[in-house]
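Please treat every number below as a calculation from the coordinates, not as lab data. Every value quoted in this text rests on a predicted model; they were computed, and no experiment measured them. Cβ coordinates were reconstructed from backbone atoms using ideal geometry, including for glycine residues, and neighbour counts include every protein chain displayed.
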């Protein structure tokens, strides 16, 4: 594991969050389409709840995935900081 590898995982998380964002609208549209296609069916009354849950869940997953990406980048930055600090310590110690 290296700081670059950690930064790449942060980028992976960003891409995954973007994919979740892109799926939010199609998921809501599917609820609308199902409601239109199921005239007279009892479950139509729960489709609004389903859409609300989908939107809340996708927003939560997107936010959490973005936070994890930020943590990967933060860890990479801390790694760089500590690595440079240790290098500087030994440089001062032996020079």
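The single residue among 74, 62 that is assigned to a helix (DSSP H, G or I), touching a helix residue (DSSP H, G or I) at 6+ places or on another chain (Cβ under 8 Å) and surrounded by 11 or more Cβ atoms within 10 Å (Cβ to Cβ) turns out to be 62.
Of the residues examined, residue 15 is one that is under 30 Å from residue 83 (Cβ atoms), out of contact with any helix residue (DSSP H, G or I) (no Cβ under 8 Å at 6 or more places or on another chain) and surrounded by fewer than 16 Cβ atoms within 10 Å (Cβ to Cβ).
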